[in-house]
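Asker: Mind looking over this structure? Questions follow.
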Amino acid sequence: MFKVQLVGRSKETRITNGLFSITPELVVQDAFKTDLIIIPAVHGNMQKVVTENQEFVAWIVKQYKNGAEVVSLCIGAFLLASTGLLKGRSCTTHWLMAEEFKKMYPEVNLVPYKIITDEGGIYTSGGAYSSLNLILYPVEKFAGRNMVVRSSKIFEIDIDRHSQSPFIIFHGQKEHQDDAVKKVQEFMEHNFQNKITVEELAEMCFLGRRNFERRFKKATSNTVVEYIQRVKMEAAKMGLETSPGNVNEVMYSVGYSDTKAFRTTFKKITGILPLEYRNKYNKEALEMA
């Protein structure tokens with residue numbers, strides 16, 4: 001059903017410091033039409049990658065206008081976004097590269113928690129092995145459900161994954177120049193187990209609450225409350241992964257006393273419940289299962 005061909009800028013390309021050479025079947029200058037373009041993951045400096053691949057940009061746009069659908073895998077989304085085809089649309093990419101993507105392409109609606117997006121014949125996938133889920137997507141579209149189920153069994157791919165959220169590691173958004181906000185962020189990260197109020201944080205910056213909240217959101221892309229929650233939930237994830245204690249003990253250790261509020265916030269950020277997360281990542285819990 002599929003005739004797969006490799007398209008390059010030239011007849012031979014050497015990669016990985018010359019360790020490998022790739023010989024594409026076609027080059028972008030050739031006159032041909034395709035139904036589906038798959039942009040692989042790229043690596044290195046993204047600005048440089050996009051600049052070096054400008055020949056592909058015009059070719060992708062031309063093929064899309066002639067009816068081709070376009071798939072980008074992982075951070076291949078940077079190259080896809082450079083075509084302008086994602087403007088005003090939603091896409092995903094590896095969660096590690098989300099902040100850089102937002103800076104380079106603010107006109108694109110990035111949804112980094114998603115495994116797959118589908119927008120008018122343009123498909124994107126999340127990080128790394130999320131590509132496997134996206135590759136199954138056109139298989140199901142063109143070859144049917146039975147074939148995609150068969151393929152997922154043969155290659156042992158979990159076809160029910162819908163979110164990158166359980167894999168995201170929150171390091172805090174400190175790629176800004178607001179020193180007062182950075183000071184507050186560090187305070188939150190060292191005192192997450194205590195009750196922290198917005199008023200207390202605003203006073204640390206010698207700012208009124210409204211001005212502080214506006215400044216914090218501008219610097220971090222999160223509200224103050226969202227940031228506190230993300231710091232607490234990252235600590236909770238670490239506790240659930242490594243602690244021999246139960247979920248309630250971890251909940252208390254990050255400053256929560258309301259079980260429902262903890263479960264709700266944890267699921268909102270990670271996509272799964274605390275007990276599911278512990279059973280998935282805690283070695284002791286896995287050995288007892």
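The values are calculated or read from the model by the stated rules, or taken from the named source; none is laboratory data. Predicted, not measured: the structure shown is a model, and the values here were computed from it. Please note: Cβ atoms are built from the backbone with ideal geometry, for glycine as well, and neighbour counts cover all protein chains shown. We work out accessible area using only protein heavy atoms, side chains counted, and drop any ligands, DNA or RNA first. Shrake-Rupley method; radii C 1.70, N 1.55, O 1.52, S 1.80 Å.
Asker: With each pseudo-label sitting 7 Å past Cα toward Cβ, what's the GLU12-ASN279 distance in nm, one decimal?
Answerer: For GLU12 paired with ASN279, the spin-label model returns 5.5 nm.
Asker: Still on this model: Reachable aspartates and glutamates from LYS103, Cα under 17 Å, same-chain residues fewer than 8 places away excluded?
Answerer: Qualifying aspartates and glutamates at Cα under 17 Å: GLU175, ASP178.
Asker: Sticking with this one: R0 = 51 Å: FRET efficiency of PHE20 with ARG214, Cβ-based, nearest 0.05? Mind dumping the intermediate values first?
Answerer: Details: r = 50 Å, r/R0 = 0.98.
The value I calculate is 0.55.
Asker: Under a point-charge model restricted to the Cβ atoms of Lys and Arg (+1) and Asp and Glu (-1), what is the dipole moment magnitude of segment 106-250 relative to its Cα centre, in debye to the nearest 20?
Answerer: Details: 19 positive and 20 negative charges, 49 e Å.
Dipole size: approximately 240 debye.
Asker: Per Stokes-Einstein, at 37 °C and 0.692 mPa s, what whole-number D in µm² s⁻¹ belongs to the chain, with the Kirkwood radius over Cα pairs as the hydrodynamic radius?
Answerer: Numbers: Rh = 21.7 Å.
Approximately 151 µm²/s, per Stokes-Einstein.
Asker: Now for a different question. Only bridges whose two residues both fall in the chain count here: according to DSSP, what percent of them are antiparallel, nearest 5? Intermediate values should be presented prior to the final figure.
Answerer: Details: 8 of 19 bridges.
Around 40 percent of the beta bridges assigned by DSSP in the chain are antiparallel ones.
Asker: Taking all protein chains in place and a 1.4 Å probe, what share, in percent, of the accessible surface of segment 92-164 do carbon and sulfur account for? Numbers along the way, then the final one.
Answerer: Numbers: 2220 of 3980 Å².
It is 56 percent, rounded to a whole number.
Asker: Cα axis of helix 54-65 to longest principal axis of the chain: angle in degrees, 0 to 90, nearest 10?
Answerer: Orientation of helix 54-65: about 80 degrees from the principal axis.
Asker: Show that you can apply the helix-only estimate: for the chain, add -39,500 (n - 2.57) for every DSSP H stretch of four or more residues, divide by all residues, and state [θ] at 222 nm to the nearest 500. Mind showing how you got there, number by number?
Answerer: Working: 14 runs with 138 residues, N = 289.
Helix-only estimate at 222 nm: -14000 deg cm²/dmol.
Asker: If each Cα of segment 193-232 is one equal point scatterer, what is log10 of I(q)/I(0) from the Debye formula at q = 0.24 Å⁻¹?
Answerer: Values, matching the q order: -0.78.
Asker: Take the alpha carbon gyration tensor of segment 1-124, find the square roots of its eigenvalues, order them as a ≥ b ≥ c, and report rounded if a/c is under 1.5; if not, report prolate when a/b exceeds b/c, else oblate. It would help to have the intermediate numbers written out before the result.
Answerer: Numbers: a/c = 1.81, a/b = 1.26, b/c = 1.44.
Oblate, since a/c reaches 1.5 and b/c is not below a/b.
Asker: To continue, here is another question. With springs only between Cα atoms under 10 Å, which of HIS171, HIS162, HIS43 fluctuates most in a Gaussian network model of the chain?
Answerer: Its mean-square fluctuation being the largest, the pick is HIS43.
Asker: Another question, then. Once the piece of chain linking ILE272 and ASN248 is laid out straight, how much longer is it, given 0.36 nm per residue of separation minus the C-alpha distance between them?
Answerer: Numbers: separation 24, 0.36 × 24 = 8.64 nm, distance 1.60 nm.
Taking 0.36 nm per residue and subtracting the Cα distance, the gain is 7.0 nm.
Asker: Is segment 96-135 rounded, prolate or oblate when judged by the Cα gyration tensor, a ≥ b ≥ c being the square roots of its eigenvalues, rounded requiring a/c under 1.5 and prolate requiring a/b larger than b/c? Before the final figure, lay out the partial values.
Answerer: Numbers: a/c = 2.66, a/b = 1.35, b/c = 1.97.
Note, shape of segment 96-135 comes out oblate.
Asker: Sort segment 43-84 into rounded, prolate or oblate with this rule: let a ≥ b ≥ c be the square roots of the eigenvalues of the Cα gyration tensor; rounded if a/c is under 1.5, and if a/c is not under 1.5, prolate when a/b is larger than b/c, oblate otherwise. Display every interim value, and only then the final one.
Answerer: On the way: a/c = 3.01, a/b = 1.63, b/c = 1.85.
Verdict is oblate for segment 43-84.
Asker: Which entries in the list LYS183/LYS267; LYS3/LYS33; LYS195/LYS260; LYS183/LYS217 go over 19 Å, if you measure between the two C-alpha atoms of each? Kindly include the intermediate steps, with their values, before the conclusion.
Answerer: Numbers: LYS183/LYS267 28 Å; LYS3/LYS33 12 Å; LYS195/LYS260 17 Å; LYS183/LYS217 14 Å.
Pairs exceeding 19 Å: LYS183/LYS267.
Asker: Output the relative contact order of the chain, whole-number percent, from Cα pairs under 8 angstrom with separation of 6+ residues.
Answerer: Working: 387 pairs, mean separation 29.6, N = 289.
It rounds to 10 percent for the chain.
Asker: May I ask you to compute the full-extension gain from MET204 to ARG150, defined as 0.36 nm times their residue separation minus their alpha-carbon distance, rounded to one decimal in nm? Provide the component values of the computation, followed by the final result.
Answerer: On the way: separation 54, 0.36 × 54 = 19.44 nm, distance 5.84 nm.
Extra length from MET204 to ARG150 when fully extended: 13.6 nm.
Asker: Follow-up question, since we're still on this one. Relative contact order for segment 152-268 using alpha-carbon pairs under 8 Å, separation at least 6, rounded to a whole percent? Could the numbers behind the result be given before it?
Answerer: Numbers: 79 pairs, mean separation 28.3, N = 117.
Taking the mean separation of contacting Cα pairs over the length of segment 152-268, I get 24 percent.
Asker: Here is a further query. Among bridges DSSP assigns within segment 1-103, what percent are antiparallel (round to 5)?
Answerer: Numbers: 3 of 9 bridges.
Rounded to the nearest five, the antiparallel share is 35 percent.
Asker: Okay, next question. Can you give the FRET efficiency to the nearest 0.05 for MET238 and GLN54, using r as the Cβ-Cβ distance and R₀ = 35 Å? Can you show the working numbers first?
Answerer: Numbers: r = 43 Å, r/R0 = 1.22.
In this case the efficiency is close to 0.25.
Asker: May I pose another question? Springs between alpha-carbon pairs under 10 angstrom, Gaussian network model over the chain: which of LYS103, LYS182, LYS267 fluctuates most?
Answerer: Highest fluctuation of the listed residues: LYS103.
Asker: Let me ask something additional. Contour minus end-to-end for LYS102 and ASP178, with contour as 0.36 nm per residue of separation and end-to-end as the Cα-Cα distance?
Answerer: Working: separation 76, 0.36 × 76 = 27.36 nm, distance 1.85 nm.
Between LYS102 and ASP178, full extension yields an extra 25.5 nm.
Asker: Using the heavy atoms of the protein chains alone and a 1.4 angstrom probe, what is the accessible area of the chain per residue in square angstrom? All intermediate terms of the calculation are to be shown ahead of the outcome.
Answerer: Details: 16700 Å² over 289 residues.
Spelled out: the 1.4 Å probe surface of the chain, per residue, equals 58 Å².
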